[in-house]
Amino acid sequence: MVLLKNEELIIKTGNLMGKSHPTVTRIEALRLCQVFLRSSRGCNWLMTAHGQPIVQGITNAMSEINEKTLVREGCRTALLALRYSGNHHRCFWFNAIDKILYKILCGSCNSSSHAHQTLCHGELFNIDSKDIMDIHPYVWDILGYLAVHCDNEHFSVGTCQNNFLQGLISCACSLATDLTLKKSPLKLSKEEQEPALRAVLMMLLSPSQFIFSEASSKFLEAVLPLDNEYMNMFMSSLESNVTRNLTASFDCVKIMTNLMNIACLLVVQSNYSLNKRSAVDVLSNIIKECLHDHLYITRSNFASHLQFCFDGSSCCYLSEEWEGENIVLFYGLVVLFNLLKSDNFICFHCKRKLDAGIVCHECRDHYNEGLVGVLKQALCQNMSPGPKSYIAHILSMFGLCGFPSKLGGNMRNVLCDSELVDLELLLADGESLSAHAAILSARCPKLLPSEKTFVRDGSVTYEWGRRSCYHVRMSDRVDSHALKKILEYAYTGLVTVDDATVKPVKTLAKYCHLRSLHLMLQKEQPRWHSCPIYDLTTALEPAKHSFSDIILEAQSNDKMECHHGSCQLSTPHIHSHKVILSVSCEYLRALFQSGMHESFAETIRVPVGWEALRKLVQWFYSGELPRVPPDCRWKATSTEEKLSILKSYAELSSLADFWFVDGMKEESLQVLTSCLNSSSTDASLAFIGFAANLGQWELVEAAISSVAHLYPRLRDSGRLEQLDEDVLNMLRTEHVRYLQHRSASK
Ligand SMILES: [Zn+2]
Ligand SMILES: [Zn+2]
Ligand SMILES: [Zn+2]
Ligand SMILES: [Zn+2]
């Protein structure tokens, strides 16, 4: 991570991948790139600044068919880069990645004769060179990632060169199906099958219409004569594997392969003669077992071609895949989603006809206890974006749309609170709904008054003396129930819709650019982006109209230049919003409501430094304190800087006591404990003194336990003299405990 700040090195790396350099150099440059690409942050940095030369370097390496190692390293690097969504995908397509992949598949057999005809799997495996076979899994994985991150627009130009892509798709499909149907003349291990099958599934989930239709027609072609039979075969195999003796461990690979096949079949076609209720039961079982970690398998367990990702030691580990670690869970969710989705417009339970949705109002209760409850609970846990998105999309079919969050939950109170309202949405029928401009500006800016009305100040009326109130007239087609639902979603990030409201809400969600809600109501496959996070920080950005009504001022002697309208204040400060502050802080809520002098004051002096104030505001607007990962970047910061960061968390912890900020104390302690363990002794000692002065004894304890083992040395060097007697006593006790613990464990 630290290395990424070194511009020169990156430029040089890009250069060294050039064709003119010897193979060995290029391989080393690619390996360095792989290290950079371990995290999405690294990928972002690398690709925004130097994307072009690096992608070029990677693709060049991949096209050197005769240099096996070079091709392999190129594939590995490409694989890592393409895991993340971003503009570099465009770059890869631009460099004809499809053609390169196709050529790798063709291998050393002269590619010109194959150029325009589709390879069949037979030819593919007649090439009995083991070297080439090693590379195939990479090709499939790359193809899969390209597919799920591909937009429609990639193919708007130059459709003629899609021959290679079509070839790739049909190869993958025929390979995947042949292997499962055991038609293949060659005995291939799971290792070769899984990547191809996975690539097919990912292509079927692709947002690109071209890839999807191409892949589904090829896949269907292969399975068509017997599709119902296959479906039942996979299902019963799945069922027998899951309901087997509970004490025996599951055959995870078998279950996974079954799930993948079923998912492919379901996406391609939906009318199977299948007992859907028992299928749902089987899947619920699988998902429950997964959530309890009884059923668990990661890709690295069997995909040996990915082993390189985990080679070597590094402080910045390879960040998690979108699908999450446990892929049985992910595939299970994909299957369940597509299974439910296929049951369009008939109540899943009582078979009544519906306008939209899958469960009628009366039947929802049947599910509340079992599956839905489990999924709801899972959604609140810490999870990778993939399973999370699928769970949310499954729940949306039961009428529960969105992603729950703590801050969003707290916002629910504001929704029905008329206090601090500064915006009114006027409907055609004379009804009006009140809202808070600050919240909408972050969550649904489309509902805000347009720029025009700002300029024409006539529409702004003044109420309660100083607070202004905006009025926005909605079009006559907007339905008040739907608008209420949209507001609920905007405020809380979560909304329940039922059969009757789905359609108007969907229309309005589209109009308001609430993409994730629209996607959910549309029953589309989730996109491979990160999940939407409930975050109001965009409301803080200095804009012409930030709707800010309160200033938080830090305790600091520094100067700051403010770009906020006509603001003249020179001390460090932040323009914020009473509504949002009062949600998470009891003290401020009481203050604003009291009608006392200060509730009208435009500035509140916060008794913390600037560093801490910024973190505090982050807490108010996102519900979380910024984390400090104790990795190489933390280790590389200077002791002073470390100390000032540590101190800011101590200040927050102390402020939480006075201002009654729920949960902030605990979170500061968490952040601090992880940092303290990898801090220098100097920083820790200085911090102990600081925290003791603030009376934050829990923090003192945490800091002490991180240095207790050094006590004798510290005492002898005289560095403890600055500390209080109380603190010294604590340190001594902790040291004794440390010694006892050590001797006990010997
Ligand atoms: Zn690192
Ligand atoms: Zn029903
Ligand atoms: Zn029922
Ligand atoms: Zn200002």
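The values are calculated or read from the model by the stated rules, or taken from the named source; none is laboratory data. Predicted model only: the values in this text are computed from it and were never measured. Cβ atoms come from the backbone with ideal geometry, glycine included; neighbour counts cover every protein chain shown. To get the accessible areas, we keep the full protein, side chains included, count just its heavy atoms, and leave off ligands, DNA and RNA. Shrake-Rupley method; radii C 1.70, N 1.55, O 1.52, S 1.80 Å.
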Count of region 691-701 residues which are over 14 Å from Leu728 (Cα atoms) and crowded, with 18+ Cβ neighbours inside 10 Å: 2
Being of a type in the set (Ser, Thr, Tyr) and within 16 Å of ligand 4 (Cβ to nearest atom) narrows Ser638, Ser584, Ser594, Ser566 down to just Ser566
Hey, can you tell me all the residues within region 619-641 that are closer than 17 Å to Glu667 by Cβ and aliphatic (A, V, I, L, M)? Leu625, Val628
Six or more apart or on different chains, Cβ atoms under 8 Å: show the pairs whose first residue is in region 78-98 and at positive phi and touching a residue at least 12 places away in the same chain (Cβ under 8 Å) and whose second is among the polar types (S, T, N, Q) and open to solvent by 10 Å² or more (accessible area, probe 1.4 Å). Gly86/Asn44; Ala96/Gln161
Considering only residues that are over 20 Å from the mean Cα position of the chain (by Cα) and in a loop (DSSP other than H, G, I, E, B), which ones fall in region 499-544? Asp499, Ala500, Thr501, Cys512, Gln522, Glu541, Pro542, Ala543, Lys544
Which members of region 2-35 meet the condition of being open to solvent by less than 20 Å² (accessible area, probe 1.4 Å), at pLDDT below 80 and part of a helix (DSSP H, G or I)? Leu4, Ile10, Thr13, Gly14
Extreme residue, surrounded by the fewest Cβ atoms within 10 Å (Cβ to Cβ), among residues of region 36-60 that are of a type in the set (A, V, I, L, M) and part of a helix (DSSP H, G or I): Ala49
Is there any pair linking a residue in region 625-647 that is touching a residue at least 12 places away in the same chain (Cβ under 8 Å) and of a type outside the set (Asp, Glu) to one that is within 16 Å of ligand 2 (Cβ to nearest atom) and outside any helix (DSSP H, G or I), with Cβ under 8 Å and at least six apart or on different chains, and which? none
